[in-house]
Amino acid sequence: MRTPAETSTVDLPDEAATAALAARVAALLRPGDVVALRGDLGAGKTAFSRAAIRALSGDPEEEVPSPTFTLVQTYDLPDFTLWHFDLYRLRGPEEVPELGWDEARDGGVALVEWPDRLGRLMPADRLEVALTIRGDGARRAELTGHGAWAGRLESL
């Protein structure tokens with residue numbers, strides 16, 4: 001059975017617009033949420049994640065390194081622990097649990113770059129953010145709320 005989905009498209013003329021969208025999404029995050037970030041290399045997945053984490057921490061200068069080499073970074077925030085995953089270098093879903101996936105799903109929030117590597121671990125309730133680079137250098141975000149996220153997406 002497919003979960004209901006709601007989609008919204010947002011044009012992002014610059015990095016400030018990406019950060020503003022990420023902050024709006026961050027304000028809606030609750031323990032147990034998964035945000036699946038899709039897009040080609042350089043599309044803005046890490047910039048989106050960095051802005052969301054900074055908005056949640058309340059510190060615009062928070063150091064938020066890319067998890068490209070570490071595969072996961074965690075942030076102890078006031079309401080939950082946020083897990084920022086970059087699954088690009090994984091071969092498949094069998095490697096995901098070693099990164100703390102179960103712990104992240106147990107009361108944390110997961111921001112996941114390259115979510116296709118999750119395979120069967122992809123939860124039915126999730127927010128997908130697909131970032132694309134437009135010809136003029138700007139970006140576009142297509143947000144799709146699956147399951148419980150379908151209704152929450154409307155508040156953006």
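The values are calculated or read from the model by the stated rules, or taken from the named source; none is laboratory data. Quick caveat, the model's predicted, so the values are computed rather than measured. A quick note on method: Cβ atoms are made from the backbone with ideal geometry, for glycine too, and the neighbour counts reach across all protein chains shown.
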Has segment 101-110 got at least one residue that is touching a Leu at 6+ places or on another chain (Cβ under 7 Å), of a type in the set (F, W, Y) and closer than 19 Å to A43 by Cα? no
Can you tell me which of A47, A55, A110, A51 is hydrophobic (A, V, I, L, M, F, W, C) and at pLDDT below 95? A47
Segment 108-137 - residue that is of a type outside the set (A, V, I, L, M) and in a strand (DSSP E or B) and, of those, surrounded by the fewest Cβ atoms within 10 Å (Cβ to Cβ): T132
Flagged pairs (Cβ under 9 angstrom, 6 or more apart or on separate chains; first in segment 1-16, within 20 Å of W149 (Cβ to Cβ) and charged (D, E, K, R); second at pLDDT below 90 and exposed (fewer than 11 other Cβ atoms within 10 Å of the Cβ)) are E6/E154
For segment 2-15, how many residues are part of a strand (DSSP E or B) and either at pLDDT below 90 or surrounded by 12 or more Cβ atoms within 10 Å (Cβ to Cβ) (or both)? 6
Please go through segment 138-154 and give me each residue that is within 13 Å of the chain's Cα centre (by Cα) and surrounded by fewer than 23 Cβ atoms within 10 Å (Cβ to Cβ), ordered by number. E142, L143, T144
Elements of type strands (runs of 3 or more DSSP E) contained in segment 16-107, each with 1 or more residues being on the phi < 0 side of the Ramachandran plot and surrounded by fewer than 18 Cβ atoms within 10 Å (Cβ to Cβ): 72-76, 81-86
